[in-house]
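Take a look at the structure below.
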Amino acid sequence: MRKDILVAAVLVVTLIAAAVANMTPRALGLDAPAGVFSAGRAMVDDRVIAKAPHPVGSPANYAVRNYLTGRMTQLGLSPQIQRIDAFQERPGKAPLVIGGVVENIIGVLPGKDRNAPALALMAHYDSVPGSPGAADDAAGVSAALEIMRILKAEGTPARDVVLLLTDGEEAGLLGATAFFQNHPLAGRIGFVINMESRGGGGQANMFETAAANGAVIDMFRKVSRAPVSSSLTVYLYKPLPNDTDFTVPR
């Protein structure tokens, strides 16, 4: 009986520890100070973006595009739209070419050193046909907008910060492929932070980096309030038939 009680106690403690570890920070509302991230402010954008399913090429996606260009204009980012035919080849026993017309939205917050490699915040604004995409990836887009608002409120950054909202990610990474293969700004980018989502809750995880990542991991550890990551995730991710926009610049 004592052994059963001990096992039960260990399980309870483990479940509590797992639940605590997965708790998110307290969400701040619309009245939060200008210099901090507010989930309440981000959710205003999320609700508009995820009002309905908006796959690439749909009228609903054009409406989202127009909303986002307006928001980026409000932030002083002078957005431009990269409208282009994009193609992605999928090798294998039965090679497949995926293509479509995408409309990436690109804005730049100028930095003090315009010649330094730029930082890019990337997220995709299209959804799959059967979902409004509130998490995947309206959450990433709305978070990126809130981050850009904070950076602008803090003053001129050290280097240019590029906000890259890609289209056609769900159709096969089409927007990211089009940008990094064809846009002149792509050659100026030295570091990419891609915000993607799977699931509908829990803490944000840093689950993939490029190679030679020692300095990146060290910086992530130092500047994150409660960093969550594991070197095992990339090994679990590699065998899966999934990609994110980060696959393209990586």
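Among what's in the range 45-86 and is among the β-branched types (Val, Ile, Thr) and free of Cβ contacts under 8 Å to residues at least 60 places away in the same chain, pick the residue that is least open to solvent (accessible area, probe 1.4 Å). Looking at the filtered set, the residue picked out is 69. Filtered by the rule that a residue be open to solvent by 20 Å² or more (accessible area, probe 1.4 Å), in contact (Cβ under 8 Å) with a residue 60 or more places away in the chain and more than 18 Å from the chain's Cα centre (by Cα), the range 87-128 gives 87, 88, 90, 98, 99, 100, 117.
Taking residues in the range 220-242 that are under 17 Å from residue 22 (Cβ atoms), and partners anywhere that are open to solvent by 90 Å² or more (accessible area, probe 1.4 Å) and part of a helix (DSSP H, G or I), the pairs with Cβ atoms closer than 7 Å and at least 6 places apart or on different chains are 227/221.
Within the range 198-222, the residues that satisfy the criterion of being more than 18 Å from the chain's Cα centre (by Cα) and exposed (fewer than 13 other Cβ atoms within 10 Å of the Cβ) are 211, 212, 214, 215, 218, 219, 221, 222. In the condition set (1) over 26 Å from residue 90 (Cα atoms); (2) buried (at least 21 other Cβ atoms within 10 Å of the Cβ); (3) out of contact with any Pro (no Cβ under 9 Å at 6 or more places or on another chain), residue 163 is compliant with all but (3). If you go through the range 139-160 and keep only what is hydroxyl-bearing (Ser, Thr, Tyr) and open to solvent by less than 20 Å² (accessible area, probe 1.4 Å), you end up with just 142.
The values are calculated or read from the model by the stated rules, or taken from the named source; none is laboratory data. Remember, predicted model here, so these are calculated numbers, not experimental data. With ideal geometry, Cβ positions are generated from the backbone for all residues, glycine too; neighbour counts draw on all protein chains shown. These area figures cover heavy atoms from the full protein model, side chains too; ligands, DNA and RNA do not enter into them. Shrake-Rupley method; radii C 1.70, N 1.55, O 1.52, S 1.80 Å.
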